[in-house]
Amino acid sequence: MSQISSEAGQIQRQLYLLGYSLPLPTDGAPLVAMLLKDMQAALDRVKELEDANVKLEREDRTSRAAGAKSKAEQHALRTENNSLRAEVLNYTRELDRIDRDAREKEYAQSKRLDDLRMANLQAKAELAETQRRLGECQKRAEEL
């Protein structure tokens, strides 16, 4: 009986520490001891879950911050990409303009070359005609 009353005293002290001040009947001590043990296990589990929840909340905040940072980096990269595309487009337009100007100059030079060749042919024809006339004039002059 002294062991039961000793256990009952310990249980009564545990209950008092938990805020239960009602007297404990000695015949309910084993049940209350078992309930206290289960309650302590439940409280320990609640504490573990609270700690795990705090850890998860911290990880969630960290993850959200990293996500926001990643989003900002992604936006910066898109902006830079768009800027580079615009720059490439401007260079392409400039190259197209230079190419068009070069083709126009090439066409003008080709036309001028054709005109010069035609003038050269005409000059050669006139020279041949003039030489023929000169030859005829020289023949007539020799005959006279």
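Hey, any hits in the stretch 68-81 for a residue that's out of contact with any Phe, Trp or Tyr (no Cβ under 6 Å at 6 or more places or on another chain), closer than 30 Å to Ala8 by Cα and open to solvent by 80 Å² or more (accessible area, probe 1.4 Å)? Steps first, please.
Residues of the stretch 68-81 out of contact with any Phe, Trp or Tyr (no Cβ under 6 Å at 6 or more places or on another chain): 68-81.
So of that shortlist, the ones also closer than 30 Å to Ala8 by Cα come out as none.
No - not one qualifying residue is present in the stretch 68-81.
Suppose the filter is of a type in the set (S, T, N, Q) and either in contact with a helix residue (DSSP H, G or I) (Cβ under 9 Å, 6 or more places away or on another chain) or modelled with pLDDT under 95 (or both); does Gln122 pass it? Before the answer, list the steps.
Values: of a type in the set (S, T, N, Q): yes; either in contact with a helix residue (DSSP H, G or I) (Cβ under 9 Å, 6 or more places away or on another chain) or modelled with pLDDT under 95 (or both): no.
Here the answer is no, as Gln122 does not meet what is asked.
Picking from Glu104, Glu57, Glu87, Glu94, which residue would you name as being open to solvent by 100 Å² or more (accessible area, probe 1.4 Å) and assigned to a helix (DSSP H, G or I)? Step through it out loud before you land on a result.
Numbers: Glu57 fails: open to solvent by 100 Å² or more (accessible area, probe 1.4 Å); Glu87 fails: open to solvent by 100 Å² or more (accessible area, probe 1.4 Å); Glu94 fails: open to solvent by 100 Å² or more (accessible area, probe 1.4 Å).
Result: Glu104 is the single residue among Glu104, Glu57, Glu87, Glu94 that is open to solvent by 100 Å² or more (accessible area, probe 1.4 Å) and assigned to a helix (DSSP H, G or I).
Within the stretch 16-49, track down each residue that is open to solvent by 100 Å² or more (accessible area, probe 1.4 Å) and either farther than 29 Å from Ser6 by Cα or among the polar types (S, T, N, Q) (or both).
Within the stretch 16-49, Lys47, Glu48 meet the criteria.
Select, from Thr79, Thr62, the only residue that is of a type outside the set (Phe, Trp, Tyr), at pLDDT 95 or above and on the phi < 0 side of the Ramachandran plot. Full working, then the answer.
On the way: Thr62 fails: at pLDDT 95 or above.
It is Thr79.
Name the pairs whose Cβ atoms lie under 6 Å apart, with the first residue in the stretch 27-53 and free of Cβ contacts under 8 Å to residues at least 60 places away in the same chain, the second open to solvent by 80 Å² or more (accessible area, probe 1.4 Å) and not aliphatic (A, V, I, L, M), and 6 or more positions between them or separate chains?
Leu36/Gln14
The values are calculated or read from the model by the stated rules, or taken from the named source; none is laboratory data. Small disclaimer: the values here were computed from a predicted structure and weren't measured. We place every Cβ from the backbone using ideal geometry, glycine too, and count neighbours over all the protein chains shown. Remember, those area values only see protein heavy atoms, side chains included, never the ligands or the DNA or RNA. Shrake-Rupley method; radii C 1.70, N 1.55, O 1.52, S 1.80 Å.
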